[in-house]
Every structure is written in C-alpha cells, then in structure tokens.
C-alpha cells in the first residue's frame, strides 16, 4: 500500500508556513510594562479655575503632577505626562487624548483642582458601558465615546484608588461626569479633582498645601500598585 | 372800526389754534402712555391666571455630590417651550438662595429653550447614556440656550459643573417626558464647556439623573 505523498507534503508545507506566519504576530505583542499616563489639566492660555486671587488651577495641577510622577517612578511605574511646564500653547484636549491612546498606558489619570467641595473627587466618564450586541459588529471606535469600552475597568480603577485614599484618611467622592478628554480615552481612565480639605473641627487645608498633595500622591501610588497587582502581571494595553 | 370779515377771520384762527393745542396735548398724553407701557416689566401672561401644579425639581448638593428629586407647586405656562424656560429659571434661581447646597450667582440663566422633533434612531445607533431611554415615542430634542452671564459666573470644577447639568437634565426630563435628548448653547452659540470642565458640546440623554454616590467598597461594582 502506497501512502498518498502529495496530500501529506501539502499539509506539511501548510503547517510550516503557518508557523512562520505566527512569528511576526507574537513579535508584535506589547512588551510587559506598567505605564501610567498623567494629564495635568489646563495650561498655557487656559488657566482653569481660579483657586485664589493669584493661584490658577493650572499651577496646582502641574505641581501635583510633578509630585505624583516622582512617587510613581519610585514605585516602579513608567510615567508619561502631557506637560511638565507651563508652555505658551498647551495641548488641546483632543491632542492629549491622542497622546494617551497612542501610548497604550495601563491607566490614564487626568488631574484637576477646585476651590469647592471637600477632599478628593474621583470622576469616571458617564458614558454607557459597551453593549454586547454592538461590541463585535463595530470596527471603528467613535471618538466622542471612545471611553465607553473601558468603563468597567475605569470604575474598578476609581474604586481601587478611592479605597487607597480612604485608608490614608482622606475624604473621597466617586462620581461620574462628561468631560474631555476623559470621554476620548481608550484606556482605563479617571479624573482626580483635588478640593480643599475641610474637616468639621479644624482649619481648612488648601489644595496648594505640599503635605496634602504628598499624602494624595502616596495614596494614589498605593492604589495603583494594588490595581497593578489585581491585574495579575504587569500588562501593557488593556483593550 | 374793524370790518366784519376780519373779526370772523380772527375768531376762526383763534378756534383753530385752540383745536390744534388740544390735539397736540392729546397726542403727547398718548405717546407718554405708550412709552410707559414699554418700560413695564409686568409679564404679558399673568401667572396668576394659571393654576399651580406639582413639578419635580432635581436639586444638587455639593457636599455629597447628590441629585435629589423634590416636588414643588408652581404656576407654569402651558406652551412647552415657555414652560421649560420658566421651570429652569425657577430651578436655577433656587440655587442663588442663601440656603442653597449648590450655590450659584443670582440672575437670569436661561435665554430660551427650543424643542425640536428628533428623527427616530435606527437600530445601529447605541445609546450613549448610562441609563437607557425608556420612551421611544414622540422624541424631541431640547436645546437650552444659556446666558453668557450665567456661564461666566458659574463656579469652575468638574463636580460642581456636572451637578448643574444633571440638575437641568433631570428637571427637564421630569417635566417634559417627550424630550429624549438635550443640547446646550451659550448666547446662541456652541460652547466647549460650562466653566472650563463639563462638556457642553455633546448631546445629553434626557434621563432621571437622581444620584447618591456610594463610597468605595472592597468589592468593586463593575
């Protein structure tokens, strides 16, 4: 009995070609890393809120971003920021979202400050979570609702950071809002709005207080470490 | 001796002067009344002619970032656009009271509210709201035209701005169920943000915006 030589040879050739084709695909996988994207909001001609007579929001977000970046770097995170100074022409919100979406970070944090309220407000996008009926059929991601697919991860990230801040004895509010560039991010994303610390019995701590900012930065770093651990191994993009 | 025809002419002229004086005086009085009426700020349609009704205001609270529905009795016009505008003016003026938990500056806030028929969404357009729209019938788009003075004086911050928008959206949704989506203009023009943060360029779904934020939990709710 003679074996059919041609079909066997064809199958071997197909298997060989398939294994060759798989090599570049595995080589394109993102390298394991934990990248945090920081966006100190406002800047340049956009001062943001006026926190006091001569203190614009853009100054506080920048100083807090520098503090947070240092703490995160010492905790083993790679950090990308949209600005580390106050340029005359700051990035637009769309440009900030483009930078974040191209760098595929593990988490995106937008930093804001306000003169009202108490403690830290953690905001997630109020877009609807993805609908399973549409998840497989839509190939393009609408820019205005790009965050929609990451809402579950963003809510979990907000909860993790909220717990870390509570453990640091800082008051936290978890809310949702529609905000640019938060709605345009494809990564798990939250906005952190720092408000003055106004305890029932005691003096108000302004948002510009260095110790207050350091406490928040340490708590966020702790929360992100927990977040990274809960994800399993350090990962790149979460889609 | 004055001739008779001259005397008749004199008295005729005298009578003419008297009549013209009376005519001018009457004209001045009418012009005065007309100008006084223009300066009168009394509403053309007196609200006292309308019976009061229960309306639901969605009131914001900055302390806990909550939106709570509250029922009040108000006299509102029947025309939907006037009704929406009056309701929003009443809502936002409540925030300028000293006891407000979401303090805003006093003054008129809403210039106009327009209601437009909205085409029914096809099956390929997913909702962008976290809460699904319940009524697909008689869909209307409400365009709220805010005054520039209101926007300029609004406190700046993500939470405080979001609460104002959620308060407006929830109140409109309760009063006008046919409204399914809401857009905002400022002085008739598209505007990026309310006061530097909350997005005013997107179309918001008209939904119940009642919210009481929960604290972080050990078991995250996805």
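The table for this structure:
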| quantity | calculated |
| --- | --- |
| Alpha-carbon gyration tensor eigenvalues x 5, square-rooted, for segment B:1-41, Å | 40, 5, 4 |
| FRET efficiency estimate (nearest 0.05) - Cβ-Cβ, residue B:90 to residue A:84, R0 60 angstrom | 0.80 |
| Highest-first arrangement of A:69-75, B:162-168, where packing means the average Cβ count within 10 Å | B:162-168, A:69-75 |
| Theoretical FRET efficiency, 1/(1+(r/R0)^6), r = Cβ-Cβ of residue A:226 and residue A:200, R0 35 Å, to 0.05 | 0.75 |
| Protection proxy ranking of A:105-117, B:201-213, B:183-195 - average other beta-carbon atoms within 10 Å, highest first | A:105-117, B:201-213, B:183-195 |
| Neighbour-count order for B:10, A:64, A:77, fewest beta carbons within 10 angstrom listed first | B:10, A:77, A:64 |
| Potential extension, residue A:211-residue A:53 segment - 0.36 nm per residue separation minus Cα distance | 54.7 nm |
| Mean separation of Cα contacts under 8 Å (6+ apart) over length of segment B:1-112, as relative contact order % | 16 percent |
| FRET E, pair residue B:191, residue B:17, Förster distance 45 Å, beta-carbon r, rounded to 0.05 | 0.10 |
| Contour excess over end-to-end distance, with Cα ends at residue B:114 and residue B:82 and 0.36 nm allotted per residue | 10.6 nm |
| Label-reachable residues, segment A:151-179, where backbone N falls under 19 Å from a point 7 Å from residue B:214's Cα toward its Cβ | A:151-167, A:172-177 |
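Throughout, read-outs are computed from the coordinates displayed, never taken from laboratory work. Quantities reported herein were computed from a predicted structural model and do not represent experimental measurements. Don't worry about glycine lacking a Cβ; one is built from the backbone with ideal geometry, like all the others, and counts go over all protein chains shown.
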